[in-house]
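Enquirer: Pasting a structure below so you can have a look.
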Amino acid sequence: MQARIASPDETGIGEIQVKGPSVMLGYYENEEATKEAFQDGWFRTGDLGYIDKDGFLFISGRQKSVIVLKNGKNVFPEELESLVNRIEGVSESMVYGKPEKDGDTKVCVKIVYDENAMEEMYKTTNETEMFEILTKKVKEVNKKMPAYKYIREIMITKEPLIKTTTAKIKRHEELAKIL
């Protein structure tokens with residue numbers, strides 16, 4: 001299997017493309033979809049990532065979900081979600097971009113908390129107190145990131161995120177509920 005990074009940005013992140021005997025030949029009886037899925041014989045995965053100096057491939061996120069800020073910087077929701085999901089009491093999260101009046105995009109997170117874990121860890125069932133605790137924890141996550149990636153708005157709920165049958169978050173449906 002061969003892998004390459006197509007159109008990398010200044011940090012080396014671009015679309016991951018692959019080629020090899022295990023890659024599909026195309027979509028059955030759908031020539032248009034096949035043309036879109038391949039570029040010069042390379043399969044376009046839709047994943048973004050980079051290859052380090054030792055040849056290791058790192059996946060940053062999905063091309064469809066990247067948040068592009070006014071300054072041109074890219075924020076990968078999956079990167080932030082993996083950090084937020086490590087907070088004790090968080091069941092799952094979804095990071096998204098919220099358009100601002102000045103034309104920029106605010107990085108926000110919707111956190112699904114586990115009521116039992118919050119009561120056990122933080123001795124509270126009060127949603128206002130849980131919000132304050134989780135806000136403090138997200139600020140700790142922010143300290144590990146460059147300022148442009150800071151999560152600036154937090155929403156909490158106990159309702160699970162909308163998912164596909166394969167347990168992937170339906171980002172568009174969740175965004176429609178939020179925005």
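A short reminder: the numbers here are calculations on the coordinates, not readings from a lab. No experiment lies behind these values; they were computed from the predicted model shown. Counting neighbours? That spans all protein chains shown, and the Cβs are built from the backbone with ideal geometry, glycine included.
Enquirer: Using the structure shown, select from Lys35/Lys73; Lys106/Lys139; Lys123/Lys149; Lys98/Lys123; Lys73/Lys170 the pairs with a Cα to Cα distance greater than 26 angstrom. Show your work: numbers first, answer last.
Expert: On the way: Lys35/Lys73 29 Å; Lys106/Lys139 15 Å; Lys123/Lys149 31 Å; Lys98/Lys123 32 Å; Lys73/Lys170 24 Å.
In this structure, Lys35/Lys73; Lys123/Lys149; Lys98/Lys123 lie more than 26 Å apart at Cα.
Enquirer: Specify which labelled value, from (i) 10.8; (ii) 10.2; (iii) 13.3, agrees with mean projected area of the Cα convex hull in nm² derived from the coordinates of the model shown.
Expert: Calculated mean projected area of the Cα convex hull in nm²: the matching label is (iii).
Enquirer: Share of Cα-Cα pairs in segment 35-107 beyond 16 Å, in percent? Write out the running numbers ahead of the final one.
Expert: Working: 1660 of 2628 pairs.
Here the tail beyond 16 Å accounts for 63 percent of pairs.
Enquirer: Moving on to the next point. For Asp40 and Val68, what is the calculated FRET efficiency with R₀ set at 30 Å and r taken between the beta-carbons, to the nearest 0.05? Each step should come with its number before you reach the end.
Expert: On the way: r = 25 Å, r/R0 = 0.85.
Computed FRET efficiency for Asp40 and Val68: 0.75.
Enquirer: If you average the sequence gap of Cα pairs under 8 Å that are 6 or more apart and divide by the length of the chain, what percent do you get for the contact order? Don't skip to the answer; put the middle values down first.
Expert: Values: 269 pairs, mean separation 23.9, N = 179.
About 13 percent, as a whole number.
Enquirer: Between segment 1-29 and segment 117-139, how many Å separate their Cα centres?
Expert: 42
Enquirer: DSSP loop (so not H, G, I, E, B), at most 15 other Cβ within 10 Å: list which GluC sites (Glu not before Pro) in segment 1-84 pass both filters. Can you show the working numbers first?
Expert: On the way: sites: Glu10, Glu15, Glu29, Glu31, Glu32, Glu36, Glu78, Glu79, Glu81; in loops: Glu10, Glu29.
Within segment 1-84, the qualifying GluC sites (Glu not before Pro) (loop, at most 15 other Cβ atoms within 10 Å) are Glu10, Glu29.
Enquirer: Taking DSSP loops as anything outside H, G, I, E and B, show the longest stretch in the chain free of trypsin sites (Lys or Arg not before Pro) there with at most 11 other beta carbons within 10 Å. All intermediate terms of the calculation are to be shown ahead of the outcome.
Expert: Details: sites that count: Lys53, Lys70, Arg86, Lys101, Lys123, Lys143, Lys144, Lys168.
Of all site-free stretches, the longest is 1-52.
Enquirer: What is the sum of charges, Lys and Arg at +1 and Asp and Glu at -1, for the other residues whose Cβ falls under 10 Å from the Cβ of Lys158? Present the calculation step by step, with values, prior to reporting the outcome.
Expert: Working: positive: none; negative: Asp114, Glu115, Glu127, Glu159.
Every neighbour counted, the sum reads -4.
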